[in-house]
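*Asks:* Quick one: structure below, then a few questions.
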Amino acid sequence: MKRVILFLIVTVCFCSCKSHNDANNQSNKTASKNEMTKSNDTIIHLPDTKEVLVLRTDFSNDKQWDKICGLITQSGKELGFKPNVEFLSDTKFEGLKKKRLLHKNKSYAHLYIFMIDSTTVNHNEHPILCIDLYDHPGESFRVIPSQMWSVENNLSLFNMDFEEFLNAADTDGVFRGFK
């Protein structure tokens, strides 16, 4: 019931936002450096986005970032699906750990977030961290880029719960699709 109410609230908020992309782009450009410092107790302010964020926290390899974004964008195409995500690459989030995202972000309405961290960049499968921000804040699993569409589509449409993907992940914590 909570999810249905939240979904309705989020839907109403998005419908009333006429020029979301322009406003989002402007807010990304003008975000002050005061929003986040290296202090562990500072609240992280995520931008208001229409789609779920794919947040870059590792800036060690721009080519890998581009490759991973391309893999995510292509996921599900062969089946007629696509992940509805927005990519955010801003160095103010460099080194950010998942526990810092667990503070209530009033401007970020989504129930989960994807994170491209050092494990994603350096692992040969590029497993992206998916973090629950609502039902069980902090619970997470990783998902390979080719399965991003499945996770995003099903969680955003409330077809499946976060826990279902968490339980379907392999023993190493990576979701590689349903078997």
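*Asks:* Can you give the FRET efficiency for residue 67 and residue 99, using 1/(1 + (r/R0)^6), R0 = 25 Å, r = Cβ-Cβ distance, to the nearest 0.05? Walk me through the intermediate numbers first.
*Replies:* Working: r = 27 Å, r/R0 = 1.10.
After rounding to 0.05, the efficiency reads 0.35.
*Asks:* Given a 1.4 Å probe and the protein chains all in place, what does the accessible area of residue 133 round to, in Å² to the nearest 10?
*Replies:* Looks like 30 Å² after rounding.
*Asks:* Now for a different question. Sequence-distant or interchain residues sharing an amide H contact under 5 Å with residue 112, placed H: which?
*Replies:* Distant-sequence amide H within range of residue 112: 133.
*Asks:* If you don't mind, there's one more thing I want to ask. Once you have a ≥ b ≥ c as the square roots of the Cα gyration tensor eigenvalues for the stretch 66-179, tell me rounded if a/c is under 1.5, and otherwise prolate or oblate according to whether a/b is larger than b/c.
*Replies:* Values: a/c = 1.34, a/b = 1.14, b/c = 1.18.
The shape class here is rounded.
*Asks:* Of the listed pairs 77/98; 98/179; 50/92; 63/99; 50/179, which have alpha-carbon separations greater than 25 Å here? All intermediate terms of the calculation are to be shown ahead of the outcome.
*Replies:* Numbers: 77/98 29 Å; 98/179 28 Å; 50/92 21 Å; 63/99 27 Å; 50/179 31 Å.
With Cα atoms farther than 25 Å apart: 77/98; 98/179; 63/99; 50/179.
*Asks:* Please list 3J(HN,Hα) in residue order for the stretch 134-141, calculated via the Karplus relation 6.51 cos²θ - 1.76 cosθ + 1.60 where θ = phi - 60°; whole Hz, with x for glycine and proline.
*Replies:* Each residue's phi maps through the Karplus curve to give 10, 5, 10, x, x, 4, 8, 8 Hz.
*Asks:* Moving on. How many percent of DSSP beta bridges within the stretch 62-179 run antiparallel, rounded to 5? Write out the running numbers ahead of the final one.
*Replies:* Details: 8 of 10 bridges.
The antiparallel proportion sits near 80 percent.
*Asks:* Quote the accessible area belonging to residue 163 in square angstrom, nearest 10, computed with a 1.4 Å probe and with ligands, DNA and RNA left uncounted.
*Replies:* The value for residue 163 is about 90 Å².
*Asks:* Taking 0.36 nm per intervening residue step and subtracting the Cα-Cα distance, what contour gain separates residue 82 from residue 134 on full extension?
*Replies:* Answer, rounded to one decimal: 16.4 nm.
*Asks:* Also: Please list, in order, the residues from the stretch 153-177 whose amide nitrogen is less than 17 Å from a point placed 7 Å along the Cα→Cβ vector of residue 51.
*Replies:* Label zone hits: 153-158.
*Asks:* Rounded to the nearest 10 Å², what accessible area does residue 66 show when all protein chains are kept and the probe is 1.4 Å?
*Replies:* For residue 66, the solvent-accessible surface is approximately 100 Å².
*Asks:* For 119, 91, 49, write out the residues from largest to smallest accessible area, computed with a 1.4 angstrom probe and no ligands counted. Before the final figure, lay out the partial values.
*Replies:* Numbers: 119 60, 91 85, 49 5 Å².
Output order, biggest surface exposure first: 91, 119, 49.
*Asks:* From the phi of every residue in the stretch 149-166, what ³J(HN,Hα) in whole Hz does the Karplus formula 6.51 cos²θ - 1.76 cosθ + 1.60 yield, where θ is phi - 60° and glycine or proline is x?
*Replies:* With coefficients 6.51, -1.76 and 1.60, one gets 4, 5, 5, 4, 4, 6, 6, 5, 8, 6, 6, 9, 9, 3, 4, 5, 6, 4 Hz.
The values are calculated or read from the model by the stated rules, or taken from the named source; none is laboratory data. Everything numeric in this text was worked out from a predicted model, so none of it was measured. Neighbour counts are summed over all protein chains in view; Cβ atoms, including those assigned to glycine, are modelled from backbone coordinates with ideal geometry. When the accessible area is computed, the model is the full protein with side chains, heavy atoms only, and any ligands, DNA or RNA have been set aside. Shrake-Rupley method; radii C 1.70, N 1.55, O 1.52, S 1.80 Å.
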